[in-house]
Amino acid sequence: MLDAVSILSILALALGLVLGYAAIRYKVEGNPLVDQIDAILPQTQCGQCDFPGCRPYAEAIASGEAEINQCPPGGQDGVDALAELLDVETLTLNAEHGETKPKRIAVVDEKVCIGCTLCIQACPVDAFVGSSKVMTQVIVSECTGCDLCLPVCPVDCIDMVEVKPTINTFVPNVLELANV
Amino acid sequence: MSNFTFKGGLVLENPFPAKEIDLIRIPLPDRVVLPMQQRIGDQAKPCVSVGDHVLTGQVIATIDDDRCAPVHASISGTVVAIDNQVMAHQSGLEALCVTIESDGEDEWMDNSVACTENYDFCTPDTIYNKIRLSGIVGMGGAGFPTHTKVQFAEGCHTLIVNATECEPGIMCDDALMQAYPTKVIRGVEVLLHICGAEKAIIAIEDDKKESIELLRKFCKNERITIEAIPTKYTSGAEKILVKSLLGIEIPSGGYASDVGVLCQNVGTLVAIFDAVVENRPLISRVVTITGSAIKEPKNLQVRLGASYDYVLSFADIEQGENDIRMAGMMMGVDLEGTNYSISKNTNCIFVNKPIEKPSAQECIRCGMCNTVCPVELLPQQLYWYSKSSNIEKALDYNLLDCIECGCCSHVCPSNIPLVDYYQFAKALNKQQTKEKEQTDNARERFEFREFRLERNKQERAEMMEAKKKALKEKMAKDKAQKIAIAAAQERVNAAKTAKESEDAR
Ligand code: SF4
Ligand code: SF4
Ligand code: SF4
Ligand code: SF4
């Protein structure tokens, strides 16, 4: 028994090292253009662009397989920034992929949650804490507001709540100033 | 010795001088509204519930963050609401407040465990904690928690007491010094005792003759000097004060504590005295009521949380629609109506007769803003970059060193509200920095998750592989064994047959 455990952990460690190394190697050799595009994408990881995350979409743009106007969370500003980076004509955001919404975060209704962990598996950024049969919670600072956890919840206990500005995060409107 | 002055700035008269600088204690308000959001950190969490009876000085909200200050009840009575109220802030946003209705008794919590006059016997740690638990923040208007500032300044050589009055028109420091000269001196001594500085300088603008005289009369401590400095606006800004008094330049992006100096407002020192010697947490402050619609400006000692309406009812206000401005004429904020309450950093309320605001014109590049900037920035450049939201460039031009004093806006012949642009740029910078942190974090977490899933998949594959191999080996072994057994059987059989045939023969 002990042998099996130690063998497995050594195996896991070795594998981890190999993969970690591979990741670093991959990064170094990766296309710097993909990194630059990825830096502009909002990292919501929502998949609305039809790719399973921002990086895959960045790769698709870099290889010319996708248009630059497929990311609703990035908004028109994001499209413009991509156009500038790639030195191409800008496009209007493609409405087929969805509309730009204000920043929201997921809130779990603790009273209803049955602890099924389906949301944990769906979240692209591991923003949930909890384990099987214990109610789940969202780490506010990690949630990107991607909506991916909504459809998987069997009891519909996840709500998307808009993030409202507070006194600490308030930004005055500079255009209003110009009209003074 | 230097003449204690500095480059830039403005010589401004008090627009509404008072005949007499008295400190008037106004009666207890019927109700107080105390905000949970303070200058830095998160919102404090109320530790009382609606219906609870509280005593004056009782803690009603705490905060986990050690750098921040707790909130105390400023009157005794019943908690009647814990809800969102509009803040006296340019955003007009709401924030959580605790409302207490007075029982008219002003019954204090037990405050018998003070260090008393013999604070010398208290360790600096004890006194430091006392300041922290008394909810004291900078009373000059910035509202930074005092204990945190003291902590940052550990090992400082000089304590500067800022009694310059932040802006023309505000008189609360002057009124406080004239009312409590001994408390000021004792407060300085308490702070000297814990911060370790060798000497303290109390800096007072030279137009406050009575205060200077009084403090000199009551100060018997040779470690404390009282300096009269020229009356010139922004002399009280920390960076400027350190430079004009000590000739020490605070580097860009730095603080007074970086050069071994601790700066505290004179109001803060009185609060420290009250907390340490009398065990009274911060529950009141001095507010100047002035402006063109006020017949005689006044300085009122007010319980925190009292409504503007209540406080203004003690001033002689001319009838009609008036404009309300919180804090000074240079750095203050215009407010809509009077539905607010006095907070720890409300040093002044202006009530002005409405005047037509001159409309802003294009910048004519006259450079007047550049000459008056006391921090020696280039306001004109900052304006261009802020206006075009070019935060990177604005930061290059030291946007973050701007103290928002408003000297540049004041002299601008085109009436451009320059400071508003800098405030916008600073807020935008804060937002962008936070967003960048969040996206970087999300990217990292996404990539880690991909990696984890991939690793799990591989691990599972390896495990399956290992199992398969083991099974195969086992099967092979089984087979070999079977063959061996069969072979043995065969041999036995053969031997048997041989024996049998032999026997038969
Ligand atoms: S649509 Fe969603 S997944 Fe695609 S790039 Fe935008 S944020 Fe990322
Ligand atoms: S908690 Fe839900 S909305 Fe937030 S990041 Fe995870 S899956 Fe997306
Ligand atoms: S507001 Fe800023 S830029 Fe303008 S004079 Fe004051 S410090 Fe200089
Ligand atoms: S004072 Fe006003 S008009 Fe003159 S340079 Fe500065 S911003 Fe421009």
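The values are calculated or read from the model by the stated rules, or taken from the named source; none is laboratory data. Since the model is a prediction, treat every value here as computed from it, not as a measurement. Don't worry about glycine lacking a Cβ; one is built from the backbone with ideal geometry, like all the others, and counts go over all protein chains shown. The protein model used for the area step is the full one, side chains on, heavy atoms only, and it has no ligands, DNA or RNA in it. Shrake-Rupley method; radii C 1.70, N 1.55, O 1.52, S 1.80 Å.
Structure above, values below:
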quantity: Average projection area in nm² (convex hull over Cα atoms of chain B, one quarter of hull surface); calculated: 40.1
quantity: Normalised convex hull volume, segment B:132-177, alpha-carbon set, Å³ per residue; calculated: 91
quantity: Those residues of segment B:82-105 for which accessible area with every protein chain present is at least 10 Å² below the isolated value (1.4 Å probe); calculated: B:M87, B:H89, B:Q90, B:S91, B:L93
quantity: Share of carbon and sulfur in the accessible heavy-atom surface of segment B:112-280 [1.4 Å probe, %]; calculated: 52
quantity: With all protein chains modelled, accessible area of B:D30 [1.4 Å, Å²]; calculated: 120
quantity: Nitroxide proxy distance, nm - points 7 Å out along Cα→Cβ at B:S252 and B:E376; calculated: 1.2
quantity: Shielded residues, segment B:415-438 - accessible-area loss of 50 Å² or more between chain alone and all protein chains, probe 1.4 Å; calculated: B:Y421, B:F424
quantity: Distance in nm between pseudo-label sites at B:E210 and B:T497 (7 Å out along the Cβ direction from Cα); calculated: 13.4
quantity: Residue-averaged 222 nm ellipticity for the protein assembly as shown, from DSSP H runs of 4+ at -39500 (n - 2.57), nearest 500; calculated: -12000 deg cm²/dmol
quantity: Share of pairwise Cα separations in segment B:189-338, more than 18 Å, in percent; calculated: 69
quantity: Order of exposure, largest accessible area first, which applies to B:W108, B:W384 with probe 1.4 Å; calculated: B:W384, B:W108
quantity: Chain pair B, A: total accessible area buried, heavy atoms, 1.4 Å probe, Å²; calculated: 3200
quantity: Mean accessible surface per residue for the protein assembly as shown, computed with a 1.4 Å probe while every protein chain stays in place, in Å²; calculated: 52
quantity: Accessible-area ranking of A:S63, B:S102, B:S414, largest first, probe 1.4 Å; calculated: A:S63, B:S102, B:S414
quantity: Cα gyration tensor shape of segment B:51-127, rounded if a/c is under 1.5, else prolate or oblate by comparing a/b with b/c; calculated: oblate
quantity: Filtered trypsin sites (Lys or Arg not before Pro), segment A:99-180: DSSP coil and at most 12 other beta carbons within 10 Å; calculated: A:K111, A:K133
quantity: In segment B:183-271, trypsin sites (Lys or Arg not before Pro) in a DSSP loop with at most 16 other beta-carbon atoms within 10 Å; calculated: B:K220, B:R223
quantity: Alpha-carbon centroids, segment A:80-158 and segment B:348-394: separation in whole Å; calculated: 42
quantity: Equivalent ellipsoid semi-axes, the protein assembly as shown, via Cα gyration tensor eigenvalues times 5, rooted, Å; calculated: 65, 33, 26
quantity: Å³ per residue enclosed by the Cα convex hull of segment A:104-162; calculated: 65
quantity: Heavy-atom accessible surface of segment A:36-178: percent carbon and sulfur, 1.4 Å; calculated: 54
quantity: Global form of segment B:334-446, assessed from the alpha-carbon gyration tensor, a/c cut-off 1.5; calculated: oblate
quantity: Trypsin sites (Lys or Arg not before Pro) within segment B:315-415: DSSP coil, no more than 13 neighbouring Cβ in 10 Å; calculated: B:R365
